[in-house]
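Trainee: What follows is a structure written as structure tokens; I'll ask about it next.
The values are calculated or read from the model by the stated rules, or taken from the named source; none is laboratory data. For clarity, every value in this text was computed on a predicted model and none was experimentally measured. Cβ placement follows ideal geometry from the backbone for every residue including glycine, while neighbour counts extend to all protein chains displayed.
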Amino acid sequence: MLGLARSSVYYKPRPVSTEDLGLMRRLDELHLDFPFAGARMLRDLLKREGVSIGRRHVATLMKRMGIEAIYRRPNMSKPAPGHKIYPYLLRGVTIERPNQVWATDISYIPMRRGFVYLAAVVDVATRRVLAHRVSITMEAEFCIEALEDALAKHGRPEIFNTDQGSQFTSLDFTSVLLDAKIAISMDGKGAWRDNVFVERLWRSVKYEEVYLRAYDSVSDARASIGRYLAFYNERRPHSSLDGRTPDEAYFGEQQTVMAA
């Protein structure tokens, strides 16, 4: 009736309200402390803090943030159409050297106004962050960029572990691993052990960096997170590494192998 071409008309998404951004920030904190909590429990925890909210609203915000309750349950999830799910390869495996196993995941990062997502590739044995990317969406592209950056700078691992997120099961992502002849490992959706190695990193990033700041822009978040991860790799000692930094654990053992 208006004489407009369908291809020229686009839906403009409604921005997230200030109230919802505050709720998402708090849900992120609660999820970090109680990863087993689903929408109902999170709703009840918020109500104990004086926040009146429905379970469906909590579930909607959790979906937007990319989080879900983590607990052991039968793997009855279905992959996205056309996406292949690979078996979990780390059961019973002792991970003890650099580039034996890498893992990746995505985390929600709150800002002063809005939010972004952080993807990181981690060497499991040494906890070193090999590459990371910050994005305003959860599309697969920024995960692929982080993966390709890690491969270009650090060679390739024997096994690469992810969860069953659509970003990691997509053909664009898995084809990078298959082309490099890397064994792909995936855990069951929502399983308790899903990428526990990267979850430890998120806890450090959020309590030592993100929750102490209020990023004004995406560029501010990207720069500040980059500085923190450089500190994390180069200067932050880890008790699990006998007081060494991830850089010392990763490059020290790498140099020993090369010398031998």
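Trainee: Considering only segment 54-73, state which residues are modelled with pLDDT under 95, part of a loop (DSSP other than H, G, I, E, B) and either touching a Leu at 6+ places or on another chain (Cβ under 8 Å) or loosely packed, with under 13 Cβ neighbours inside 10 Å (or both).
Mentor: Scanning segment 54-73 gives Ile67, Tyr71, Arg72.
Quick grid of which residues meet (1) within 20 Å of Trp202 (Cα to Cα); (2) surrounded by fewer than 22 Cβ atoms within 10 Å (Cβ to Cβ); (3) of a type in the set (Lys, Arg):
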site	(1), (2), (3)
Tyr88	no, yes, no
Gln100	no, yes, no
Ala103	yes, no, no
Arg128	yes, no, yes
Asn161	yes, no, no
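Trainee: List every residue pair whose Cβ atoms lie under 9 Å apart, where the two residues are 6 or more positions apart in sequence or sit on different chains, the first residue falls within segment 237-260 and is farther than 13 Å from Glu96 by Cα, and the second residue, located anywhere, is hydrophobic (A, V, I, L, M, F, W, C) and modelled with pLDDT under 95.
Mentor: Glu248/Leu241
Trainee: Right, here's the next one. For the subset of segment 201-211 comprising residues that are among the aliphatic types (A, V, I, L, M) and at pLDDT 95 or above, which member is surrounded by the fewest Cβ atoms within 10 Å (Cβ to Cβ)?
Mentor: Val205
Trainee: Tally the residues that are within 10 Å of Ala180 (Cα to Cα) and of a type in the set (A, V, I, L, M), restricting the search to segment 144-158.
Mentor: Counting residues in segment 144-158 that are within 10 Å of Ala180 (Cα to Cα) and of a type in the set (A, V, I, L, M) gives 1.
Trainee: Go through (1) out of contact with any Lys or Arg (no Cβ under 8 Å at 6 or more places or on another chain); (2) within 22 Å of Gly38 (Cα to Cα); (3) part of a loop (DSSP other than H, G, I, E, B) one by one and return the number of the condition Tyr207 breaks.
Mentor: In the conditions (1) out of contact with any Lys or Arg (no Cβ under 8 Å at 6 or more places or on another chain); (2) within 22 Å of Gly38 (Cα to Cα); (3) part of a loop (DSSP other than H, G, I, E, B), Tyr207 misses (3) alone.
Trainee: Considering every residue within segment 208-218, establish whether at least one is assigned by TED's automatic domain parsing to the domain that holds Arg112, in contact with a Ser or Thr (Cβ under 8 Å, 6 or more places away or on another chain) and farther than 15 Å from Pro110 by Cα.
Mentor: No, segment 208-218 has no match at all.
Trainee: Go through the residues of segment 74-84 one by one and say whether even a single one is at pLDDT below 90, within 19 Å of the chain's Cα centre (by Cα) and surrounded by 12 or more Cβ atoms within 10 Å (Cβ to Cβ).
Mentor: Yes, segment 74-84 contains at least one residue that is at pLDDT below 90, within 19 Å of the chain's Cα centre (by Cα) and surrounded by 12 or more Cβ atoms within 10 Å (Cβ to Cβ).
Trainee: While we're here: For Tyr117, are the conditions met, namely being surrounded by fewer than 21 Cβ atoms within 10 Å (Cβ to Cβ), part of a strand (DSSP E or B) and in the same structural domain as Ile184 (by TED's automatic domain parsing)?
Mentor: It is true that Tyr117 is surrounded by fewer than 21 Cβ atoms within 10 Å (Cβ to Cβ), part of a strand (DSSP E or B) and in the same structural domain as Ile184 (by TED's automatic domain parsing).
Trainee: Hey, could you check segment 213-250 for residues that are modelled with pLDDT of 95 or more and hydrophobic (A, V, I, L, M, F, W, C) and say which is farthest from the chain's Cα centre (by Cα)?
Mentor: Ala249
Trainee: Within segment 36-52, how many residues are surrounded by fewer than 18 Cβ atoms within 10 Å (Cβ to Cβ), touching a helix residue (DSSP H, G or I) at 6+ places or on another chain (Cβ under 8 Å) and in contact (Cβ under 8 Å) with a residue 24 or more places away in the chain?
Mentor: Here the count works out to 1.
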